[in-house]
Amino acid sequence: MDAVVRELGQICGPGFARAAGAADTVAGVPARVVAAPATVAGMVATLRSAIAHDLTVVPRGAGTKLDWGAAPRRVDLVVDTGRLAGIWQHSPAQRAAEVGAGMPLRAAQARLARSGQRLALDPASADATIGGVIATDEAGPLRHRHGGPADQLLGVSYVRADGVLAHSGTRPGRKTVGSDVTRLLCGSHGALGVLVSATFRVEALPPTRVWVCRSVWTPLEVHDLVDEALGAGIDPAAIEVNLPSGPPGLVPRQRGPAGPRGGAGELAVLLEGGTPVVDEQAAVLLTLLGSDAATSPTPPGWWRRYPFGPDDVALRLTAPAADLHAAIYALRDAAGAVVPVRGSPGVGIVYAALSGRTSPRRASAILDAVRGVLLARGGTCVVLAAPPRIRSAIDLWGHRGSMPLLRQVKERFDPDGRLAPGRYIGGL
């Protein structure tokens, strides 16, 4: 690969193409070469070089979620997007901004805040890049009001598997071009194209933010409280729940300075907007939630944090909001224990953790049981990440009635299987 490194060094510049090291892995699979082009033209040239040398390519941003999803079958070249950063175009009046794929989301938010605006994205991966958020379709609490990345994207620019730069959707100050493939790229793990920039709808920074929190004990209680809050005409920016793994007890519901005590979980509702409206809705919520409900100008400590660690089996459960509590109960029954759960009950998405010490056979049985309950309710249970010994032995996705269509999509965008082979949905 020495000749490949030299060629990529000429494209990317001295020091920005090298043989891969021990840390350059994707879901445990080692890479051979790493390259970091500084421009869009450089990214195009890098992909064309990979094609010429018949190399597989996996894009990488900050690497915060490279262990998510399936392990690739082969990683010849990791393309680092970190130098494709910055706010490339920003039209405050049009409420749109084009952001380089390698721009850390946190940095993008800081830049936009100077104009009194923000991206309505708040995923738990604090150091994630724009490209990484899109590639994994990662969303945080604000998805309750604003949706996920696919709902906020206006357009994308990406390098196709044949080394051609393509645009889809809208870019600030330019007409809509091409067919809209933005939703296909969301959650594709870089298997359909290498993203170089994304144009998002931007929102005005809210003048007031208030969290209303109270203790909760069971998934059914969470369901009922969320249903009551939304039925009362409350328009929250986010509703999040934290159900820890401790056994539900019969101790009194009490709140301390750090939140609920006695093993209880917590329901938190974020209100954003003008101060009079937020104050009015907070007062309604305090009355409606009762118990130990209280307001706070800051979020609870678990807000925007996943319930799983790097050595756990990380799950994402989706279901109609009215059925989400049933999915959580099914997970508990299958696991034979109370498992930690956090997420957005108002939109039917939560995350859960199984111990990484679970045997592959046991993990598979738990997944089968939960998926059977969810399938009847139009839901899913996806394994986001798992230790290698478990990931290689289980089905990460569950029922995939759309596999023929997914296969057509992969073949259309990447007929030679060059981009992140095996990382796309269903292991394509």
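The values are calculated or read from the model by the stated rules, or taken from the named source; none is laboratory data. Note that this is a predicted model, so its numbers are computed, not measured. As a convention, Cβ positions derive from the backbone with ideal geometry for all residues, glycine included, and neighbour counts pool all protein chains shown.
With respect to (1) at pLDDT 95 or above; (2) surrounded by fewer than 17 Cβ atoms within 10 Å (Cβ to Cβ), the lone exception for residue 318 is condition (2).
Tell me, which residue of region 95-120 that is among the hydrophobic types (A, V, I, L, M, F, W, C) and touching a residue at least 60 places away in the same chain (Cβ under 8 Å) is surrounded by the fewest Cβ atoms within 10 Å (Cβ to Cβ)?
For region 95-120, the residue satisfying everything is 113.
From the list 9, 61, the one residue that fits, being touching a strand residue (DSSP E or B) at 6+ places or on another chain (Cβ under 7 Å), at pLDDT 95 or above, closer than 30 Å to residue 305 by Cβ and not β-branched (Val, Ile, Thr), is 61.
For region 393-422, which positions are under 17 Å from residue 316 (Cα atoms) and not hydrophobic (A, V, I, L, M, F, W, C)? Selection gives 395, 398, 399, 400. In region 407-425, which residues are of a type outside the set (D, E, K, R) and more than 18 Å from residue 71 (Cα to Cα)? Correct list: 408, 409, 413, 415.
Quick one: is residue 423 touching a strand residue (DSSP E or B) at 6+ places or on another chain (Cβ under 8 Å) and at pLDDT 95 or above? In short, yes. Scoring residue 75 on the criteria (1) part of a loop (DSSP other than H, G, I, E, B); (2) closer than 30 Å to residue 273 by Cα; (3) touching a residue at least 12 places away in the same chain (Cβ under 8 Å) leaves a single failure, condition (2).
Hey, among the residues in region 280-311 that are without any contact (Cβ under 8 Å) to a residue 60 or more places away in the chain and in contact with a strand residue (DSSP E or B) (Cβ under 8 Å, 6 or more places away or on another chain), which one's nearest to residue 206 (Cα to Cα)? Residue satisfying both the conditions and the ranking: 281. When residue 80 is tested against (1) buried (at least 18 other Cβ atoms within 10 Å of the Cβ); (2) among the acidic types (Asp, Glu); (3) within 18 Å of the chain's Cα centre (by Cα), exactly one condition is not met: (3). Against the conditions (1) among the hydroxyl-bearing types (Ser, Thr, Tyr); (2) more than 24 Å from residue 138 (Cα to Cα); (3) assigned by TED's automatic domain parsing to the domain that holds residue 362, residue 291 satisfies every one except (3).
For (1) over 29 Å from residue 147 (Cβ atoms); (2) modelled with pLDDT of 95 or more; (3) not in a strand (DSSP E or B), each residue gets a yes or a no:
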site: 337; (1), (2), (3): yes, no, yes
site: 342; (1), (2), (3): no, yes, no
site: 367; (1), (2), (3): no, yes, yes
site: 406; (1), (2), (3): no, no, yes
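Of the candidates 287, 298, 358, the single residue that is crowded, with 18+ Cβ neighbours inside 10 Å and hydroxyl-bearing (Ser, Thr, Tyr) is 358.
Residues in region 283-330 that are assigned to a loop (DSSP other than H, G, I, E, B) and among the polar types (S, T, N, Q): 291, 298.
When region 369-395 is limited to residues that are touching a residue at least 60 places away in the same chain (Cβ under 8 Å) and under 18 Å from residue 330 (Cα atoms), the one that is farthest from the chain's Cα centre (by Cα) turns out to be 379. Of the residues 378, 398, 356, the single one that is out of contact with any Lys or Arg (no Cβ under 6 Å at 6 or more places or on another chain), within 20 Å of residue 137 (Cβ to Cβ) and not in a helix (DSSP H, G or I) is 378. When you check residue 83 against the structure, is it in a loop (DSSP other than H, G, I, E, B) and touching a Cys at 6+ places or on another chain (Cβ under 9 Å), yes or no? Considered against the rule, which asks whether it is in a loop (DSSP other than H, G, I, E, B) and touching a Cys at 6+ places or on another chain (Cβ under 9 Å), residue 83 comes out as yes. The single residue among 202, 216, 241 that is closer than 30 Å to residue 111 by Cβ, at pLDDT 95 or above and buried (at least 18 other Cβ atoms within 10 Å of the Cβ) turns out to be 202. Of the residues making up region 141-170, those that are in contact (Cβ under 8 Å) with a residue 60 or more places away in the chain, within 24 Å of residue 418 (Cβ to Cβ) and buried (at least 19 other Cβ atoms within 10 Å of the Cβ) are 157, 159, 161.
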